[in-house]
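Engineer: Encoded as structure tokens, here's the structure I'll be asking about.
Coordinate-derived values only; no laboratory data. This structure is a prediction, so every number in the text was calculated from the model and none was measured. Cβ coordinates were reconstructed from backbone atoms using ideal geometry, including for glycine residues, and neighbour counts include every protein chain displayed.
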Amino acid sequence: MRTSLVGVLTVCAAVAAVPVLAAEIAASVRDAHGPVPNAVVVAVPEDTPLPPARPTVEVVDQIDKEFVPYVKPVRVGSMVQFPNKDNIRHHVYSFSPPKRFELPLYAGTPARPVLFDKAGVVKLGCNIHDWMIGYVYVAETPYFAKTGADGRAELKALPPGHYRVRVWHPSMTRPEEATVQRVDVREGAATPVEWQLVLKREFRPRRAPSPGEPGYR
């Protein structure tokens, strides 16, 4: 009897040691000129419920009078802190419907982060420096990633199943929903998904020179 019990425990331990295989999506985003960075790839499962959101605090810095990163994807329910790491004050705001907010002139880190409680694209601006533009992409799902300089993004630890996968970029010429692809994501495999986007040139006000630079007044 003792031998049988030891055998059962050994089998159970071996089963527990086997890793649970998850699925992945290997995304590639390009346009006519090559890889597209700062594109957000989003996957929404069709046959499994979304896991509950976990409260997190994300960060969008202000460095050298720019928002860093330029595009920040977060999940609905996330808090975002906007620390000012410049030696001048900034006035951060957004008029975007998913989140209208304002952080009046400040230096350092605001006392409270901003809650992003609705899905959508939130365009950031600075009331003092017109060229400062950034984006917070608020996703309804935890399965998202942003492309790097090579135009690639990996969505990992996905439950296997059917997904609607889409891409967003600040300069896209067509609606985000027009990019949806339906893919079957399988256990232990990386499913490739590709997009060829048409991007328009984003208009940004001319950056004012800093003290000591040519043209400064």
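Engineer: Explain nothing, just compute: Karplus ³J(HN,Hα) = 6.51 cos²θ - 1.76 cosθ + 1.60, θ = phi - 60°, for every residue of segment 80-87 in order, whole Hz, x for Gly and Pro.
Structural biologist: Once θ is set to phi - 60°, the couplings for segment 80-87 become 10, 9, 10, x, 9, 9, 8, 9 Hz.
Engineer: I want the local charge near Glu194. Using Cβ-Cβ distances under 11 Å, sum +1 for each Lys or Arg and -1 for each Asp or Glu among the other residues.
Structural biologist: +2
Engineer: Grab the Cα-Cα distance for Ser171 and Lys156, subtract it from 0.36 nm times how many residues apart they are, and report the gain in nm with one decimal.
Structural biologist: On the way: separation 15, 0.36 × 15 = 5.40 nm, distance 2.58 nm.
Fully extending the segment from Ser171 to Lys156 adds 2.8 nm.
Engineer: Through the Karplus equation 6.51 cos²θ - 1.76 cosθ + 1.60, θ set to phi - 60°, convert the phi angles of segment 159-165 into ³J(HN,Hα) values in whole Hz; use x for Gly and Pro.
Structural biologist: Along segment 159-165, the couplings run x, x, x, 9, 10, 9, 10 Hz.
Engineer: Hey, another quick one. Based on the alpha carbon coordinates of segment 51-140, what radius of gyration and maximum Cα-Cα distance (Dmax) apply, in Å?
Structural biologist: Considering segment 51-140 through its Cα atoms, Rg and Dmax are 12.3, 41 Å.
Engineer: With a 10 Å Cβ neighbour count serving as the proxy for reagent exposure, in which order, fewest first, do Ser78, Ser171 appear?
Structural biologist: Starting with the residue having the fewest Cβ neighbours, the order is Ser171, Ser78.
Engineer: Right, here's the next one. In what sequence, highest mean first, do 62-70, 108-116 appear when ranked by Cβ atoms within 10 angstrom? All intermediate terms of the calculation are to be shown ahead of the outcome.
Structural biologist: Working: 62-70: 15.9, 108-116: 14.3.
Descending mean neighbour count gives 62-70, 108-116.
Engineer: Also, quick follow-up: Give the total of Lys-Lys pairs in segment 51-140 with Cα-Cα distances below 19 Å; include a pair only if its members are 8 or more places apart or on different chains. Walk me through the intermediate numbers first.
Structural biologist: Working: Lys65/Lys85; Lys65/Lys123; Lys72/Lys85; Lys72/Lys99; Lys72/Lys118; Lys72/Lys123; Lys99/Lys118; Lys99/Lys123.
Close lysine pairs under the 19 Å cut-off: 8.
Engineer: Under 5 Å between amide H atoms, partner at least 5 residues away or on a different chain: which partners does Leu199 have, H built in plane at 1.01 Å?
Structural biologist: Ala32
Engineer: Under 4 °C and 1.567 mPa s, how fast does segment 103-217 diffuse according to Stokes-Einstein, given a Kirkwood radius computed over C-alpha pairs? Answer in µm²/s, whole number.
Structural biologist: Values: Rh = 17.9 Å.
The calculation lands on 72 µm²/s.
Engineer: Another question, if that's okay. Between (1) 135; (2) 213; (3) 182, which matches volume of the Cα convex hull per residue in Å³ calculated for the structure shown?
Structural biologist: Correct label, based on the coordinates given: (3).
Engineer: Still on this model: Count the net charge of all other residues whose Cβ sits under 14 Å from the Cβ of Pro98, scoring Lys and Arg as +1 and Asp and Glu as -1. Mind showing how you got there, number by number?
Structural biologist: Working: positive: Lys72, Arg75, Lys99, Arg100, Lys118, Lys123; negative: Asp117, Glu140, Glu176.
Once all neighbours under 14 Å are counted, the net charge is +3.
Engineer: If we count other beta carbons within 10 Å of each Cβ, what is the order of Trp195, Trp168, Trp131, fewest first?
Structural biologist: Taking fewest neighbouring Cβ atoms as first place, the list is Trp131, Trp195, Trp168.
Engineer: Further question: Only helical DSSP H runs with n ≥ 4 go in: add -39500 (n - 2.57) per run for the chain, normalise by residue count and round the 222 nm mean residue ellipticity to 500 deg cm²/dmol.
Structural biologist: It comes out at -2500 deg cm²/dmol, rounded to the nearest 500.
Engineer: Separation between the Ala119 and Gln196 pseudo-spin-labels, each 7 Å from Cα along Cα→Cβ, expressed in nm?
Structural biologist: Here the modelled spin labels are 2.9 nm apart.
Engineer: Given segment 51-140, what percent of its DSSP beta bridges are antiparallel, to the nearest 5?
Structural biologist: The answer is about 70 percent antiparallel.
Engineer: For a quick check: with amide H placed at 1.01 Å from N, whose amide H comes under 5 Å from Val36's, ignoring anything fewer than 5 positions away on the same chain?
Structural biologist: Excluding prolines and chain starts, which carry no amide H, the hits are Val29, Arg30, Asp31, Gly151.
Engineer: Here's something else I'd like to know. What is the chain's relative contact order, in percent, from Cα pairs under 8 angstrom and six or more apart in sequence?
Structural biologist: Working: 472 pairs, mean separation 63.8, N = 217.
Contact order relative to length: 29 percent.
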